[in-house]
Amino acid sequence: MPDLQSLFDTYKTAIFQKDLPAFCSIFDDNVRIFDMWQQWSYEGLPTWRKMAEGWFSSLGADQDVVTFDDVQIQAAGELAVVTAIVRFAAVSAEGKELKHLEERLTWVAQKKAAVWKIIHQHTSGPIDFQSMKVILAR
């Protein structure tokens with residue numbers, strides 16, 4: 001769905017540029033986030049915004065380059081479910097990749113006033129049975 005592509009484009013660009021208003025613009029005010037990092041859930045855009053603010057400031061001069069793989073979209077009317085593998089690569093100011101990780105991503109998006117907004121995001125990674133550690137690369 002071409003108009004859903006704007007979610008991916010804005011997400012990638014906003015993260016790379018550490019643009020908090022652009023990042024938040026793709027999420028609904030009442031978004032519910034099940035993130036795999038630090039906190040069990042984020043209820044509403046203000047709490048998600050605070051998380052992103054901390055994330056972006058923690059990067060210092062580095063930037064995160066985001067890529068999506070294995071994207072699947074199921075849409076019916078004003079609702080869409082998106083699943084993908086998302087890769088985050090920390091890149092130095094000189095352009096050198098420092099580290100990366102991959103997560104499984106699910107978005108539930110709803111078209112509101114002709115604009116797609118993410119109303120739910122869920123990220124995860126499988127857990128190794130032996131070590132009980134999250135697997136962050138396919």
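Miscellaneous remarks
- Acute angle (nearest 10 degrees) that the helix 5-17 long axis makes with the longest principal axis of the chain, alpha-carbon atoms: 40 degrees
- Using a probe of 1.4 angstrom and keeping all protein chains present, the accessible surface of the range 1-58 works out to 58 square angstrom per residue.
- The chain - percent relative contact order, Cα under 8 Å, separation 6 or more: 22 percent
- Taking the 1.4 Å solvent-accessible surface of the range 22-68 as the whole, the part contributed by carbon and sulfur is 53%.
- Across the options ALA22, GLN39, ALA109, the greatest Cα extent toward the positive end of the charge dipole of the chain (unit charges at beta carbon of Lys, Arg, Asp, Glu) belongs to GLN39.
- Taking the Cα centre of the chain as origin and assigning +1 to Lys and Arg Cβ atoms and -1 to Asp and Glu Cβ atoms, the resulting dipole is close to 140 debye.
- Theoretical ellipticity at 222 nm over the chain - DSSP helices of four or more residues, -39500 (n - 2.57) apiece, nearest 500: -7000 deg cm²/dmol
- For a paramagnetic label modelled on ASP3 (point 7 Å from Cα along Cα→Cβ), amide N atoms under 14 Å away belong, within the range 71-106, to 75-80.
- With the convex hull constructed from alpha-carbon coordinates only, the chain shows a mean projected area of 8.9 nm² over all directions.
- Placing unit charges on each Cβ (+1 for Lys and Arg, -1 for Asp and Glu) gives the chain a dipole about its Cα centre, and among THR67, GLY95, ALA84 the Cα reaching farthest toward its positive end belongs to ALA84.
- Heavy atoms of PHE88 accessible to a 1.4 Å probe, total area in Å² rounded to 10: 20 Å²
- SER41, SER58, ranked by accessible area, largest first (probe 1.4 Å): SER58, SER41
- Straightening the chain between THR10 and VAL71 buys 20.4 nm, computed as 0.36 nm per residue apart minus the Cα-Cα spacing.
- By definition, a body whose alpha carbon gyration tensor gives a ≥ b ≥ c is oblate when a/c is 1.5 or more and a/b is not larger than b/c, and the range 82-138 fits this oblate description.
- Label-to-label distance, nm, for residues given as ILE135 and TRP40 (7 Å Cα→Cβ offset): 2.7 nm
The values are calculated or read from the model by the stated rules, or taken from the named source; none is laboratory data. Worth saying up front: this structure is predicted, and the values here are computed from it rather than measured. Cβ coordinates were reconstructed from backbone atoms using ideal geometry, including for glycine residues, and neighbour counts include every protein chain displayed. SASA here: full protein model, heavy atoms, side chains in, ligands and nucleic acids out. Shrake-Rupley method; radii C 1.70, N 1.55, O 1.52, S 1.80 Å.
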